Amino acid sequence: MNHNMVGWFEIPVNDIDRAIAFYEKVFDIQMEKLEFGGEMMAFFPWVENSIGASGSLNYHPQYYKPSSEGVLIYFTSPSGEINQDLLKVEEAGGKVVIPKKLISEEHGYMAVFNDTEGNRIALHARKK
């Protein structure tokens, strides 16, 4: 295989504007919102020809249900220091579920939080 496994992800939301405000604050980004075939979507920034996948927040009450029990998406720590990012999570209305912990010296650190919609999301950083 000559590519990463994940090509796109979608995070279900109940309130798209609240979710946009949360993710923009935590990751210090701007998201573009649009209606697409009867559902509302807000897109995470995309860097063309760079590693990793992009995705979106999705609102459609029939097809998307937030959950803290399903798939776990790992975001790269925007600051490189997970504890700093977790402060933003709490300030934005999220809740830390698993504080920063070492995976291994080779793989770095991780933490898990619930966003404002009830989704379980993780952060990852290679270094302390």
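The values are calculated or read from the model by the stated rules, or taken from the named source; none is laboratory data. Everything numeric in this text was worked out from a predicted model, so none of it was measured. FYI the Cβ positions are ideal-geometry reconstructions off the backbone, even for glycines, and counts take in every protein chain you see.
Quick notes on this structure:
- Taken over region 48-70, residues that are modelled with pLDDT of 90 or more and either of a type in the set (A, V, I, L, M, F, W, C) or not in a loop (DSSP other than H, G, I, E, B) (or both) amount to 6.
- Meets criteria (over 12 Å from the mean Cα position of the chain (by Cα), at negative phi and surrounded by 12 or more Cβ atoms within 10 Å (Cβ to Cβ)) for PRO61: no
- All positions within region 83-125 that are surrounded by 13 or more Cβ atoms within 10 Å (Cβ to Cβ), in a loop (DSSP other than H, G, I, E, B) and either without any contact (Cβ under 8 Å) to a residue 60 or more places away in the chain or not hydrophobic (A, V, I, L, M, F, W, C) (or both): GLY93, GLY94, ASP115, THR116, GLU117, GLY118, ASN119
- Residue that is surrounded by the most Cβ atoms within 10 Å (Cβ to Cβ) [pool: residues in region 24-43 that are part of a loop (DSSP other than H, G, I, E, B) and among the aliphatic types (A, V, I, L, M)]: MET31
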